Amino acid sequence: MPDARRKRGQRALTRRRLAIVGLSLFVVVDLALVAFALTREPDGLAADADTSAPSAPVASSPTPTTTPTATATPAPAAEASPLNRMISAVNGTTAWRAEAGSCTPDAEIVPATLQTTDTAGADWTSSAVTTTVGFAGVDRVQASEAATVFVVGPAGPSCETAFAQTFTSGAAFGEYPDRLDASWYVSRGDRAVVHAPFSENPAPCASVVDLAVVSDTQAAVLCSDRTVHRTTDAATSWDAGAPVEGAVAIAAASGTFYVASTGAAGCDGTQIATTSSSADDVMTPVGCSPATTDEPGSVAVSAASGSVWLWAGDDVVVSTDGGITW
């Protein structure tokens, strides 16, 4: 009997030791995951990660002609302008938007304003970005959910780039200077530089007009010469670039980039084309929205949860099938 009790005691002791070891390993792994998360772009800084965006139809290649024609020297195409507005979708009914605004050093600051809708753009609610530093403009707006959105833009008497975020649908904004370094943005003061998480790198062109973010390492820029360049290493390098006729804005969702173009052949409004985040992947036209404008910088696009939003002139329209129909 004593031997049986001794064996049972040894087995119980062994189980307790194994439980302690297992708990210790769990704590170590949990601490490692927390440390990893703290080094990544903070929640909401990357584009929507939903994978439900529909696949785009494959465009057919035009049949080449062998008939010689006289070739006139084309006039230089006008360059795309930096966006004076931006929009960030959460899903097919909810989005945030903002005007870029302006900032003059040492001038009185008028707080930038954000607007949100949960009615697919039928109604909008305004919120001033009120912080102690004073936000005068918006260079990037990114919503992660209906109540949570952040802005990057010029602030304070020197108009230096700053970061603010709300978790209360715009009722209050907090300043998070530590998150600025972890975010993607292009400052209006130097459009030849792309700020990626914890680094600044030269843009692939002299002037970036729009930025689309997939993750803390993947993004794309639309340049003023209407070329789209992609990076998979946090802006350390860029692909050769794909020219897109009439391109005016770009967005990202689920590893897909959405490019809005005006004046495209066969589209009397704003054409939406898609491409993957893979370097040098082709652009595929998927649909044509009737909303459009000739005003430079006044077309903004966003995508999330299979929906695509387009803000063009006074119109906000939504596609729930990835930009195919509107």
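The values are calculated or read from the model by the stated rules, or taken from the named source; none is laboratory data. In this text, all values refer to a predicted model and were calculated from it rather than measured experimentally. Cβ coordinates were reconstructed from backbone atoms using ideal geometry, including for glycine residues, and neighbour counts include every protein chain displayed.
Structure values in brief
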{"read-out": "Phe163 being of a type outside the set (S, T, N, Q), modelled with pLDDT of 95 or more, in contact with a helix residue (DSSP H, G or I) (Cβ under 6 Å, 6 or more places away or on another chain) and buried (at least 24 other Cβ atoms within 10 Å of the Cβ)", "value": "yes"}
{"read-out": "Every pair of residues 6+ apart whose Cβ atoms lie under 9 Å, when the first sits in segment 121-141 and is of a type in the set (Asp, Glu) while the second is in a loop (DSSP other than H, G, I, E, B)", "value": "Asp139/Ala100; Asp139/Val186; Asp139/Ser187; Asp139/Arg188"}
{"read-out": "Check on Thr274, polar (S, T, N, Q), touching a Pro at 6+ places or on another chain (Cβ under 6 Å) and at pLDDT 95 or above", "value": "no"}
{"read-out": "Checking Asp294 against (1) over 25 Å from Val151 (Cα atoms); (2) touching a Gly at 6+ places or on another chain (Cβ under 7 Å), the condition it does not meet", "value": "(2)"}
{"read-out": "Tabulated pairs, segment 189-203, first in a loop (DSSP other than H, G, I, E, B), second of a type in the set (Asp, Glu), C-beta under 7 angstrom, 6+ apart or interchain", "value": "Pro197/Glu41; Pro197/Asp216; Phe198/Asp181"}
{"read-out": "One residue from Val316, Val244 being under 20 Å from the mean Cα position of the chain (by Cα), within 22 Å of Glu99 (Cα to Cα) and surrounded by fewer than 24 Cβ atoms within 10 Å (Cβ to Cβ)", "value": "Val316"}
{"read-out": "Breaking point among (1) under 20 Å from Arg85 (Cα atoms); (2) out of contact with any strand residue (DSSP E or B) (no Cβ under 8 Å at 6 or more places or on another chain), for Ser199", "value": "(1)"}
{"read-out": "For Cys103: the one exception among (1) part of a loop (DSSP other than H, G, I, E, B); (2) within 21 Å of Ser307 (Cα to Cα)", "value": "(2)"}
{"read-out": "Among the candidates Thr131, Thr93, residue that is in a loop (DSSP other than H, G, I, E, B) and farther than 26 Å from Ala303 by Cβ", "value": "Thr131"}
{"read-out": "Test result for Gln142, in a strand (DSSP E or B) and crowded, with 22+ Cβ neighbours inside 10 Å", "value": "yes"}
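Yes/no per residue for (1) buried (at least 18 other Cβ atoms within 10 Å of the Cβ); (2) under 24 Å from Trp184 (Cβ atoms):
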| site | (1), (2) |
| --- | --- |
| Ala235 | yes, yes |
| Trp238 | yes, yes |
| Ala252 | yes, yes |
| Thr270 | yes, no |
| Ser276 | no, yes |
| Thr284 | no, no |
| Gly297 | no, yes |
